[in-house]
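Everything on this sheet refers to the single structure shown next.
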Amino acid sequence: MTGLDVAVDQIIEIACIITDKVTVQCSQAICRSSTTEFSSSFMWTSRSSIAWDPEVDQRIRQYLEHHLPGCEGKATLAGNSVYADKMFLDKDLPLVAKYLHYRLVDVSSIKELARRWEPELVELAKPASKPSKHRSCGSFNH
């Protein structure tokens with residue numbers, strides 16, 4: 001996202017990772033952005049890959065329906081800053097938002113609890129190096 005203000009900021013990129021104990025697949029799409037924001041902040045991708053929100057909304061919704069048939073209103077949204085993500089999905093990607101359950105999983109909370117309860121396990125789980133680019137699928141294979 002270009003920021004956290006749902007009234008003025010936009011989704012730049014979206015990833016949909018569906019899991020069942022193991023990662024199934026990561027579907028990734030570039031969303032629209034103004035040329036100024038795109039060229040100044042996101043030089044890591046080409047302008048030709050930008051799609052308009054309705055197309056992305058439909059594509060991600062079809063991906064959800066394919067992997068989670070009959071689960072409208074039941075899919076759990078998880079991630080960092082997930083409450084902000086949900087507000088943007090409600091506004092910009094309503095077909096995707098309708099597929100989601102009202103309960104959310106904020107992984108930052110899980111990480112914080114783990115850090116307090118089992119700090120040595122958190123140290124063991126740290127990656128050797130951080131990815132150089134901040135992308136929605138991160139280090140997931142897709």
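Overview of results
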{"quantity": "Gain upon complete extension [K91, A114; 0.36 nm per residue less C-alpha separation]", "calculated": "5.0 nm"}
{"quantity": "Inter-site label distance for H66 and A7 at 7 Å from Cα along Cβ, in nm", "calculated": "3.9 nm"}
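Where a number appears in this text, it was derived from the coordinates with a stated rule and is not lab data. The structure presented is a predicted model; accordingly, all values stated were derived computationally and were not measured. Glycine gets a Cβ as well: all are built from the backbone with ideal geometry, and neighbour counts include every protein chain shown.
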